[in-house]
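Undergrad: Provided herewith is a single structure, encoded as structure tokens, for subsequent inquiry.
The values are calculated or read from the model by the stated rules, or taken from the named source; none is laboratory data. These figures come from a predicted structure and were not determined experimentally. We place every Cβ from the backbone using ideal geometry, glycine too, and count neighbours over all the protein chains shown.
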Amino acid sequence: MTEHLVDPDVPRDLHAFIAGLPKAELHVHHVGSASPRIVSELAARHPDSKVPSAPEALVDYFTFTDFAHFIDVYLSVVSLIRTPEDVRLLTYEVARELARQQVRYAELTITPFSSTRRGIDERAFMDAIEDARKSAEAEFGTVLRWCFDIPGEAGLESAEETVRLATDDRLRPEGLVSFGLGGPEIGVARPQFKPYFDRAIAAGLHSVPHAGETTGPQTVWDALTHLNAERIGHGTSSAEDPKLLAHLAERRIPLEVCPTSNIATRAVRTLDEHPIKEFVRAGVPVTINSDDPPMFGTDLNNEYAVAARLLGLDERGLADLARAGVEASFLDPAGKARIIDEIDTYTAAWLTS
Ligand SMILES: Nc1ncnc2c1ncn2[C@@H]1O[C@H](CCC(=O)c2cccc(C(=O)O)c2)[C@@H](O)[C@H]1O
Ligand SMILES: [Zn+2]
């Protein structure tokens, strides 16, 4: 475990329990998971980029003044990824890092539009992610699945391109399970994306848009009503609307909560003000995720530690959170049962030792 990620308010034992706990990660972005080592290597290779190549300089570079600044920095890292080999290596290294944290299953959000519009061949892009997925599963035992997301602010052209790449039988990768919508929410209304989500859903994909991260609860309602969301990315502002919380609880719609992300992008002021407690109190299914971990100076294990502190959880409570992540995933029932069994066995052994 990285020493700086040890929360002093969480007992060491609990950190050790989390580090070995089998987990699922449902909300993590592909480019946003690039390790500082990969980012600095790519930056050194492309000196025309504004991304610093010294790893020490990245901490400052990844300090954001607001959400728009975060997206600006995010896109500067996107533009470092220029070849199918960059895509393959990035994906493979992300899987290695997930495996290190005992992540057994991850749904990785990928924005193929951002790569194809920057000149990466679409066929080569799909082959690169699939090649990395298969190698990672064989070598690390971590199962990866994809969520292709529309970068909403790039307009409906990006929506059309994303749904085409996600539904064309000659291109659609085997690992693709869901369809998302990311980027800024202000000025990017969810309902306009309905026709694209309808097509993705008709092709068998699950709907998992971001909503309520940087705008109010109406955006979450819109994602549910117009995009048939099955889970919500963030959904932070749902806490402002008791009727929405009741609806999410009743329909069993999970929120993909990423606490440190919300602080880093300044969507929420402080961790202590994070509404995760309200979600749990209202009976909303909560999953814990990391979003863009190196950019936010976190990892999934640290997000579990943060959740333990905010929710006052012990080992049993943390195991419940890990089970909730598996349950909310799009893994098949037998795959879910296998990981849940592993969580149970691990927790029982820990508590009797
Ligand atoms: N916390 C987050 N919340 C929301 N999204 C997040 C988060 N973290 C990462 N993302 C990713 O950021 C991308 C943003 C890309 C984008 O806005 C854009 C706009 C105009 C042009 C282009 C282009 O590529 O030409 C891209 C999204 O697709 C999403 O996958
Ligand atoms: Zn996200």
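Undergrad: Just name the residue that is farthest from G182 (Cα to Cα) out of those in the stretch 17-32 that are within 16 Å of ligand 1 (Cβ to nearest atom) and part of a strand (DSSP E or B).
TA: Looking at the filtered set, the residue picked out is E25.
Undergrad: Oh, and also: For the stretch 33-74, how many residues meet the condition of being out of contact with any Leu (no Cβ under 8 Å at 6 or more places or on another chain) and in a loop (DSSP other than H, G, I, E, B)?
TA: 11
Undergrad: To continue, here is another question. Within the stretch 178-193, work out how many residues are surrounded by 17 or more Cβ atoms within 10 Å (Cβ to Cβ) and not in a helix (DSSP H, G or I).
TA: 10
Yes/no per residue for (1) away from ligand 1 (no atom under 16 Å from the Cβ); (2) touching a helix residue (DSSP H, G or I) at 6+ places or on another chain (Cβ under 8 Å); (3) within 22 Å of A99 (Cβ to Cβ):
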site: T260; (1), (2), (3): no, yes, yes
site: I263; (1), (2), (3): no, yes, no
site: V286; (1), (2), (3): yes, yes, no
site: D291; (1), (2), (3): no, yes, yes
site: G325; (1), (2), (3): yes, no, yes
site: A328; (1), (2), (3): yes, no, yes
site: E342; (1), (2), (3): yes, no, yes
site: Y346; (1), (2), (3): yes, yes, yes
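Undergrad: Now for a separate question. Please specify each residue of the stretch 175-185 satisfying the condition of being out of contact with any Ser or Thr (no Cβ under 8 Å at 6 or more places or on another chain), within 13 Å of ligand 1 (Cβ to nearest atom) and either farther than 11 Å from H226 by Cβ or not aliphatic (A, V, I, L, M) (or both). Reasoning before the result, please.
TA: Narrowing the stretch 175-185 to residues out of contact with any Ser or Thr (no Cβ under 8 Å at 6 or more places or on another chain): 175-177, 181, 183.
Then drop every residue that is not within 13 Å of ligand 1 (Cβ to nearest atom), which leaves 181, 183.
Passing the criteria: only G183.
Undergrad: What about F113, is it farther than 17 Å from S290 by Cβ and within 16 Å of ligand 2 (Cβ to nearest atom)?
TA: yes
Undergrad: While we're here: Would you please name the residue that is farthest from ligand 1 (Cβ to nearest atom), looking only at residues in the stretch 94-120 that are under 18 Å from L176 (Cα atoms) and not in a helix (DSSP H, G or I)?
TA: R104
Undergrad: A further question follows. Does G152 meet the test of being within 16 Å of ligand 2 (Cβ to nearest atom), more than 29 Å from Q102 (Cα to Cα) and in contact (Cβ under 8 Å) with a residue 40 or more places away in the chain?
TA: Yes; evaluated as a whole, the condition is true for this residue.
Undergrad: Looking only at residues in the stretch 178-224 that are of a type in the set (A, V, I, L, M) and away from ligand 2 (no atom under 16 Å from the Cβ), which one is nearest to A154 (Cα to Cα)?
TA: A189
Undergrad: Let me ask something else about it. Within the group V188, V208, which residue is out of contact with any helix residue (DSSP H, G or I) (no Cβ under 8 Å at 6 or more places or on another chain), within 15 Å of ligand 1 (Cβ to nearest atom) and at pLDDT 95 or above?
TA: Exactly one of V188, V208 is out of contact with any helix residue (DSSP H, G or I) (no Cβ under 8 Å at 6 or more places or on another chain), within 15 Å of ligand 1 (Cβ to nearest atom) and at pLDDT 95 or above, namely V208.
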